[in-house]
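Notes follow the structure.
The values are calculated or read from the model by the stated rules, or taken from the named source; none is laboratory data. Note that the structure is a prediction, hence the values are computed from the model and not measured. Virtual Cβ from ideal backbone geometry, glycine too; neighbours counted across all protein chains shown.
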Amino acid sequence: MQNLNAPFSSDPTDTTFFAPANPALPPLAPQPTAPQPTTPPADEGTAATEGITPARRMRVLHLVNGEVYAGAERVQDHLAARLPELGVDIGFACLKPGLFPKMRRSQSTPLYEIAMRGRCDLTGLSRLADIVRREGYDILHAHTPRSVLVGRLLAAWTGRPLVYHAHSPTSRDTTHRWRNFINTTVERCCLRGAKKIIAVSHSLGEHMRREGYQADRISVTPNGVPAPPIMRNNVPPQEEWLLGAVALIRPRKGLEVLLQALSIVRQQGLPVRLKVVGPFENEAYEAELKTLADQQNVSEAIEWAGFQHDVPHHIAMFDLFILPSLFGEGLPMVVLEAMAAGVPVVGSEVEGVPEAIRNGVDGLLVRPQDPQHLAEAIAKFVGGDVDWAALRASALRRHAEHFSDRSMAAGVAAAYRQVLQEAGVVA
């Protein structure tokens, strides 16, 4: 029997779970050969701009965790595919090598494994500094509290500017208050030296401003995903409806709310089933949810699909995508994946989600932690009270216009150029 928990962790810096892409699928985009550095490496203790390659093409080293292939990792993978088209060549420094090195689709992008034994293990810092100088990286780009800690020290050592990608609000990223406190403290201390903070949604950008970060250092670049290799057809179901959810299944995802809503809808006699894709955070939580499903008399209507390699294929099979999150996640990649696949979304009205889904236009929004309201939204689709095809078409257009991987890469590249220009480097 497959161990669904082994490859994953409950690290609070992880974002919404995404199963690895199918290795058999073609790459998202051709990866050009990275140019060689045109200036010699800088010595230790150089000024902030000394040693940076004053070339038109920029070189950026992404500092990533890497033990899972989740929402933040998917963002990094898409950026690796699209940024070279915009004059940016990137590499990855993987601090917790796990699924990401094996499952990323950008396999031609350089990746350096710097395994940290713990948050305070900085033995690989010297090796990272050598890589930055030898390969001529102009910018360091961190994505998590762990990686921004490393990035802050590395920036001071090498004189390279630091960029931070805020994927979710660390102060309320998990249901564990002490983890949130630790991550927020690390983030607050390390971001004092960041030249730019990239927020994945306007609401997250506003959150960072409320946290005290200067507005002129914050730029908003919404997450984006490519058009999937397979899409849902444009015909709504005629008989049974398949509801779908994709997550690293942990308390913040609100699966309890979805199970209760499923029970309400089925008690009304509506033909619905549920498929849940993704692993449980741990065995205790798996037992807790499956006990609740028994209590709600919906166990026979649920398929717990577990870890899946080809998530886009499964999303395209759904009739409705359900995101019952209890609180905000920045801008969930799973919502954008569903939009791109032509699957209407019913999502919690929490931070980030309303920026993608306009209620009644691209999908339906519901109050978080409200099973009755979620059940009513599902029933509106099943009963024909909302136009499934019209919402599907609107979501497809909205994804193409605002949430593509190309638009995301363009926003990130613009932030890089601003950072280098402010440092007096032509980019």
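Hey, any hits in the stretch 136-148 for a residue that's under 18 Å from ARG217 (Cβ atoms), touching a strand residue (DSSP E or B) at 6+ places or on another chain (Cβ under 9 Å) and among the basic types (Lys, Arg)? The answer is no; no qualifying residue exists.
Hey, does the stretch 167-185 have a residue that's of a type in the set (A, V, I, L, M) and either touching a residue at least 60 places away in the same chain (Cβ under 8 Å) or not assigned by TED's automatic domain parsing to the domain that holds VAL75 (or both)? Checked against the condition, which is being of a type in the set (A, V, I, L, M) and either touching a residue at least 60 places away in the same chain (Cβ under 8 Å) or not assigned by TED's automatic domain parsing to the domain that holds VAL75 (or both), the stretch 167-185 yields no hits at all. Scanning the stretch 340-349 for residues that are within 22 Å of VAL257 (Cα to Cα) and touching a helix residue (DSSP H, G or I) at 6+ places or on another chain (Cβ under 9 Å) gives VAL343, PRO344, VAL345, VAL346, GLY347, SER348.
Of the residues GLU351, GLU355, the single one that is part of a helix (DSSP H, G or I) and surrounded by 17 or more Cβ atoms within 10 Å (Cβ to Cβ) is GLU355. With respect to ARG252, is the statement that it is of a type in the set (D, E, K, R), crowded, with 19+ Cβ neighbours inside 10 Å and either modelled with pLDDT of 95 or more or more than 30 Å from ILE197 (Cα to Cα) (or both) true? So ARG252 fails the test. The set of residues in the stretch 202-215 being of a type in the set (Ser, Thr, Tyr) and outside any helix (DSSP H, G or I) consists of TYR213 alone. Of the residues that make up the stretch 98-106, is at least one on the phi < 0 side of the Ramachandran plot, among the aromatic types (Phe, Trp, Tyr) and at pLDDT 95 or above? No, every residue in the stretch 98-106 fails to be on the phi < 0 side of the Ramachandran plot, among the aromatic types (Phe, Trp, Tyr) and at pLDDT 95 or above. Name the single residue, out of those in the stretch 339-348 being touching a Phe, Trp or Tyr at 6+ places or on another chain (Cβ under 7 Å) and in a loop (DSSP other than H, G, I, E, B), that is surrounded by the fewest Cβ atoms within 10 Å (Cβ to Cβ). Ranking the candidates gives VAL343 first.
Based on this model, can you work out whether SER325 counts as among the hydroxyl-bearing types (Ser, Thr, Tyr) and under 17 Å from the mean Cα position of the chain (by Cα)? Taking the combined requirement at face value, the residue satisfies it. Counting only helices (runs of 4 or more DSSP H) wholly contained in the stretch 216-322, the ones carrying 3 or more residues that are touching a residue at least 60 places away in the same chain (Cβ under 8 Å) occupy 255-267, 311-317. Scanning the stretch 323-337 for residues that are under 26 Å from GLU239 (Cα atoms) and either in contact (Cβ under 8 Å) with a residue 40 or more places away in the chain or touching a Ser or Thr at 6+ places or on another chain (Cβ under 6 Å) (or both), we see that the one that is surrounded by the most Cβ atoms within 10 Å (Cβ to Cβ) is VAL334. In this structure, is VAL132 closer than 23 Å to ALA199 by Cβ, among the aliphatic types (A, V, I, L, M) and either in contact (Cβ under 8 Å) with a residue 40 or more places away in the chain or in a loop (DSSP other than H, G, I, E, B) (or both)? Spelling it out, it is not the case that VAL132 is closer than 23 Å to ALA199 by Cβ, among the aliphatic types (A, V, I, L, M) and either in contact (Cβ under 8 Å) with a residue 40 or more places away in the chain or in a loop (DSSP other than H, G, I, E, B) (or both).
Would you check if HIS143 is under 16 Å from the mean Cα position of the chain (by Cα) and more than 23 Å from LYS96 (Cα to Cα)?
Answer is no for this residue.
Exactly one condition in (1) in contact with a Leu (Cβ under 8 Å, 6 or more places away or on another chain); (2) farther than 22 Å from ALA340 by Cβ is not met by ILE378; state its number. Failing condition for ILE378: (2).
Number of residues in the stretch 350-388 that are within 24 Å of the chain's Cα centre (by Cα) and farther than 28 Å from VAL200 by Cα equals 0. If you go through the stretch 376-416 and keep only what is over 20 Å from PRO354 (Cβ atoms), part of a helix (DSSP H, G or I) and not aromatic (Phe, Trp, Tyr), you end up with ALA379, VAL382, ALA389, ASP405, ARG406, ALA409, ALA410, VAL412, ALA413, ALA414, ALA415.
Table: residues versus (1) under 30 Å from HIS402 (Cα atoms); (2) in contact with a helix residue (DSSP H, G or I) (Cβ under 6 Å, 6 or more places away or on another chain); (3) among the β-branched types (Val, Ile, Thr).
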{"residue": "GLY159", "(1), (2), (3)": "no, no, no"}
{"residue": "SER168", "(1), (2), (3)": "yes, no, no"}
{"residue": "ARG179", "(1), (2), (3)": "no, no, no"}
{"residue": "THR185", "(1), (2), (3)": "no, no, yes"}
{"residue": "SER201", "(1), (2), (3)": "yes, yes, no"}
{"residue": "TYR213", "(1), (2), (3)": "yes, no, no"}
